[in-house]
Amino acid sequence: MPLFCIHGLDREGHLCLREAHYAAHRAYLETAAVQGITLHASGPLVSEDGARMIGSLFLVEADSLATVTTFNAADPFAKAGLWARVSINRFNLRRGQVGTAPNI
């Protein structure tokens, strides 16, 4: 199955919205497999100094872009309007391996 990268940038000044929906977002990610998504990596994008969260990045495996788009649209962060911009792109892994990073 192909890999996809989901890249979401938060709306300026919406850290409180991120915090309010964080638990629901994390719980939602646990449902990925039943929605046809293998979640290989996920985490927040952070400011240059690393002090604040400014977005989200996911590396997923799914049968189609449509599956990934549907999965992303139902994310509590997306439903709350946290992300100012989201891009979903197919990803060709050239170096490294998926699933080798520790789960933190």
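Here are the numbers:
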read-out	value
Where a residue in the range 49-67 is over 9 Å from F4 (Cβ atoms) and its partner, wherever it lies, is at pLDDT below 95 and surrounded by 18 or more Cβ atoms within 10 Å (Cβ to Cβ), with Cβ under 7 Å and at least six apart	M53/R18
Cβ pairs under 6 Å, 6+ apart, first in the range 19-40 and more than 14 Å from L82 (Cα to Cα), second among the β-branched types (V, I, T) and surrounded by 15 or more Cβ atoms within 10 Å (Cβ to Cβ)	G36/T67; I37/V60; L39/V60
Helices (runs of 4 or more DSSP H) lying entirely in the range 1-100 (those with 2 or more residues that are among the polar types (S, T, N, Q), touching a helix residue (DSSP H, G or I) at 6+ places or on another chain (Cβ under 6 Å) and at pLDDT 95 or above)	none
The range 74-100, residues that are loosely packed, with under 12 Cβ neighbours inside 10 Å and touching a Lys or Arg at 6+ places or on another chain (Cβ under 8 Å)	G81
Conditions (1) under 24 Å from G96 (Cα atoms); (2) of a type in the set (S, T, N, Q); (3) surrounded by 14 or more Cβ atoms within 10 Å (Cβ to Cβ); number of the one not met by T70	(1)
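The values are calculated or read from the model by the stated rules, or taken from the named source; none is laboratory data. Just so it is clear, the structure is predicted and the values come from calculations on it, not from any experiment. Cβ coordinates were reconstructed from backbone atoms using ideal geometry, including for glycine residues, and neighbour counts include every protein chain displayed.
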